[in-house]
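Taking it in order: structure first as structure tokens, then the write-up.
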Amino acid sequence: MTGGGFWTMGGYAAYVWPAYAVTTLALIALLLGALRGLRQAERELATLEGSRARRRAPSASAAGDLA
Amino acid sequence: MSAFVAVLARDLRLGLRHGADLAMVVIFFVLAALLFPFGVGPEANLLARIAAGVVWVTALLAAMLSLDRLFHADYEDGSLDQLALSPAPLAVIVLAKATAHWLTTGLPLIAVAPALGLMLRLDPAGFAPLLLAMLVGTPCLSLFGAIGAALTLGARRGGALVALVVLPLVLPVLIFGVGAVEAEVTGLGAQPHLLVLGALLAAALPLAPLAAALALRQALESA
Amino acid sequence: MHRFANPARFLRIITAILPWSAGASAALLPLGLYFALIGSPPDYQQGDSVRIMYVHVPAAWMALAVYSVMAASGAVALVWRHPVAELVAQAAAPIGAVFTAMCLITGSLWGQPMWGTWWVWDARLTSVLVLLFLYLGYIALVNAFDDPTRGARAGAVLALVGLVNLPIIKFSVDWWNTLHQPASVARLGGPSIDPQMLLPLFTMAGGFAAFFVTVLILRVRAELLRRKLRVLRLAQAQG
Amino acid sequence: MAKTDLDRGRHKLNQRSDPRQSFDSGSFAGAGLACVRGDRLLFRGLGFVVKPGDALVLTGPNGSGKSSLLRLMAGLLAPAAGHLTWAGRPVEANREAQRGRVRWLGHLDAVKPTLTVRETLALHGRLHGAGADPAAALDDALGALGIGALADTPGRQLSAGQRRRVALARLLVAPAPLWLLDEPTVGLDDAGFAAFGAVAAAHRAAGGAIVAATHSDLGLGDARRLTLADFAPSAAELEAAA
């Protein structure tokens, strides 16, 4: 650390902190975006498979036939 | 070889019968270039400095504008199926179509470029290298354009997409095309730039048709 | 998932990698931040502004590395017609674009105190800018088709063409830059990298790479699920 | 007028289908073929054999993959599984030779508005290397389809049925043993339908083969049928594939 210490970044605070903020925000956005896409796909798949299971349940013989 | 000639002749004939389309590309080229004096002011020194760049950039945009035609009509009316099923390699047919594209758009652009150079007060020493560079550089635009046009066949937003895909790839043509003129005007000689453009063309001539043929096969697979 | 390629094995592999890559990013990124912001000394010329380098340079490395991953997957997809490879390229592109934009923004934030201007047509910044447009063109192309498999396959060709062209673009931008070098700008970089700077640089680069792998795996898994969803919906519609 | 054209064409065709002109071709076969469009499995386990002189008619409801199977046979589409053979040899071994053996009639006519009928067909002849006398072959083809009078008419002035006849004439300009036809008679009037029947019969008599996708009767007489619905995957299979 020179001069002004950690938060002032030796007078370059106005550049260093935004650079790190942009980086951090971009990484977080990437991670959250990926997680949200995954969750959404998992949820839709679960709904679809749930509805299929309900449709199949009454006709067990047909399901056995297909399996 | 005969397939190359046959497709070239047919595309030239088609191009000439749609003469209005060709004229439109040239008019766009002239109009876009002549907007610059209105944008930056008619001061002779300033115009002379940017003349080569303006001619090249607007030529690039005009070429992008005309790429839509390259495969799209043939794709829509089933002709592309017939061409792809001819015994000749698809890359040869792509090369023929790119050649026809250059003859019907690149060449007219080169023909009017000197007039634009005059109006933009291009240094007299710059005319020869500008024309030479365009002669070698615009075929590269047609070849790279063929890849872009083939890739975007059947896409939802064709026109702007081709430009977005192709323009970054043809940046070197622009740089060396303008560089040739600047180097000649400043007394350094245009030759190195022209040689690089020639090398680009030599590499694109065999490779671009192969890539475009690959893209065309994909487009036909999902037709 | 069709074309009779079974993604199950691929899915097993990436699921096994995921905890390691996630763990590595969770360890390396904070460590890199510590080294970059606290654990390393300021540069004798640039002062504390040199700390921007520790995110700027690894982001530039990632911008190139991700594009290479994309092009390699594109090549695999074209040669072996393996749909999972297309999918990897497709999932990597937005991550690469973010790293590229990150590199440009941090570069601009570094340029202002160093060069006195937010943007310089410096050879490196300019080629990264072109790279960003290559990414954007790829993403636009992949998403421009109603049939997602067509988009992915077109993307594979474009990534490959872009990779072949990348050295030519770099070379031409360098040449252009030497012709147009603005005299007033002080040059950065060069051989003056202190060994003390390498530690934060490499830790951060490692963290970025691990983070890329983690997000890539998550995105690929989501895309695989989406394809499965489409197939199941079609199966339902037909059955 | 059309009638005399038709007769003249038939006469010429008969002349041309002497043994010298006949195709000494092997049979075209496919085995274990599967086709995927987008994310959708259209058919699997499909096999067929087409011998010289055969006609195979593909039937099935919309979306069952008739056109896709034709595109697959033509080589415009790669099969997801299975393989195609010509005279026992896989077609991938020599794609260019295979393209030379196939004539394609898609559901689009590939007729340019600004090119005349003659120009359109001449290009096709040159691409496929039409025989010793391309001009005569072209006139024969036009005559056979009853459009001799339209030779110098630009495509934009043609009716839908006339354009279809031009597309059919393409099959004759440069002879090849295998015709792949997608709904060949759509838009044809009675005379056109009869002309198609005549050229198809002549083609088969010369040892050529025809595969056609259709919803209507093509008048191909003893044609065999391939019902694509038989090869459609069950819902359970589709789900298993996911």
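The values are calculated or read from the model by the stated rules, or taken from the named source; none is laboratory data. Everything quoted here is computed from the prediction, not taken from an experiment. Here the Cβ positions follow ideal geometry from the backbone for every residue, glycine too, while neighbour counts run over all protein chains shown.
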Condition set part of a strand (DSSP E or B) and either surrounded by fewer than 23 Cβ atoms within 10 Å (Cβ to Cβ) or basic (K, R) (or both), scope the stretch D:27-42, selection nearest to the other protein chains (Cβ to nearest Cβ): answer is D:R40
Please work out if C:A85 is under 30 Å from C:P148 (Cβ atoms) and free of Cβ contacts under 8 Å to residues at least 24 places away in the same chain.
-> no
Just wondering, is there one or more residues in the stretch D:148-156 that are closer than 24 Å to D:K66 by Cβ and of a type in the set (A, V, I, L, M)?
-> no
Would you tally the residues in the stretch C:194-219 being among the polar types (S, T, N, Q) and modelled with pLDDT of 95 or more?
-> 1
In the stretch C:10-44, residues that are out of contact with any helix residue (DSSP H, G or I) (no Cβ under 7 Å at 6 or more places or on another chain) and farther than 30 Å from A:G10 by Cβ total 7
In the stretch B:72-98, the residues that are more than 9 Å from chain D (Cβ to nearest Cβ), among the small types (G, A, S) and surrounded by fewer than 22 Cβ atoms within 10 Å (Cβ to Cβ) | B:A91
Residue selected from the stretch D:179-235 under the condition assigned to a helix (DSSP H, G or I) and closer than 24 Å to D:S64 by Cα, by the criterion farthest from the other protein chains (Cβ to nearest Cβ) | D:D230
All but one of (1) of a type in the set (A, V, I, L, M); (2) modelled with pLDDT of 95 or more; (3) over 22 Å from C:L160 (Cβ atoms) hold for B:A211, so report the exception by its number.
-> (3)
Only listed residue being more than 13 Å from every other protein chain (Cβ to nearest Cβ), crowded, with 18+ Cβ neighbours inside 10 Å, more than 19 Å from A:L30 (Cα to Cα) and under 20 Å from the mean Cα position of the chain (by Cα), chosen from C:A65, C:A72, C:A89, C:A85 = C:A85
Please verify whether the stretch D:164-186 includes one or more residues that are acidic (D, E) and modelled with pLDDT of 90 or more.
-> yes
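Matching residues to (1) surrounded by fewer than 23 Cβ atoms within 10 Å (Cβ to Cβ); (2) of a type in the set (A, V, I, L, M, F, W, C); (3) touching a helix residue (DSSP H, G or I) at 6+ places or on another chain (Cβ under 6 Å):
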residue: B:A149; (1), (2), (3): no, yes, yes
residue: B:T152; (1), (2), (3): no, no, yes
residue: B:V170; (1), (2), (3): no, yes, yes
residue: B:F176; (1), (2), (3): no, yes, yes
residue: B:E182; (1), (2), (3): yes, no, no
residue: B:V185; (1), (2), (3): yes, yes, yes
residue: B:L205; (1), (2), (3): yes, yes, no
Would you mention how many residues in the stretch C:112-150 are at the interface with chain B (Cβ under 8 Å from one of its Cβ atoms) and either free of Cβ contacts under 8 Å to residues at least 60 places away in the same chain or of a type in the set (K, R) (or both)?
-> 11
Scan the stretch B:46-78 for residues that are in contact (Cβ under 8 Å) with a residue 40 or more places away in the chain and more than 21 Å from the chain's Cα centre (by Cα) and report the count.
-> 2
Could you look through the stretch B:1-59, keep only residues that are of a type in the set (A, V, I, L, M, F, W, C), within 13 Å of another protein chain (Cβ to nearest Cβ) and more than 27 Å from B:L167 (Cβ to Cβ), and pick out the one that is surrounded by the most Cβ atoms within 10 Å (Cβ to Cβ)?
-> B:A6
Among the residues of the stretch D:70-99, which ones are touching a residue at least 60 places away in the same chain (Cβ under 8 Å) and either touching a His at 6+ places or on another chain (Cβ under 8 Å) or in a helix (DSSP H, G or I) (or both)?
-> D:L70, D:M73, D:A74
Please list, ordered by first then second residue, the pairs with beta carbon atoms under 7 Å, 6 or more apart or interchain, first in the stretch A:8-33 and more than 7 Å from chain C (Cβ to nearest Cβ), second among the hydrophobic types (A, V, I, L, M, F, W, C) and surrounded by fewer than 22 Cβ atoms within 10 Å (Cβ to Cβ).
-> A:A13/A:W7
Single match in B:V170, B:V112, B:V162 (criterion: over 18 Å from B:D21 (Cβ atoms) and hydrophobic (A, V, I, L, M, F, W, C)) = B:V170
Among helices (runs of 4 or more DSSP H) entirely within the stretch B:102-182, at least 2 residues that are facing chain C (nearest Cβ under 9 Å) and over 21 Å from C:V173 (Cα atoms) occur in B:127-151, B:158-166
Is it true that C:V98 is of a type in the set (A, V, I, L, M, F, W, C), in contact with a helix residue (DSSP H, G or I) (Cβ under 9 Å, 6 or more places away or on another chain), crowded, with 21+ Cβ neighbours inside 10 Å and modelled with pLDDT under 90?
-> no
Do you know which of the residues in the stretch D:43-98 that are charged (D, E, K, R) and within 23 Å of D:G219 (Cα to Cα) is surrounded by the fewest Cβ atoms within 10 Å (Cβ to Cβ)?
-> D:K51
Going by the conditions given, is D:T120 within 30 Å of D:D152 (Cα to Cα), without any contact (Cβ under 8 Å) to a residue 60 or more places away in the chain and surrounded by fewer than 23 Cβ atoms within 10 Å (Cβ to Cβ)?
-> no
State yes or no: is C:A159 part of a loop (DSSP other than H, G, I, E, B) and either touching a helix residue (DSSP H, G or I) at 6+ places or on another chain (Cβ under 7 Å) or surrounded by 18 or more Cβ atoms within 10 Å (Cβ to Cβ) (or both)?
-> no
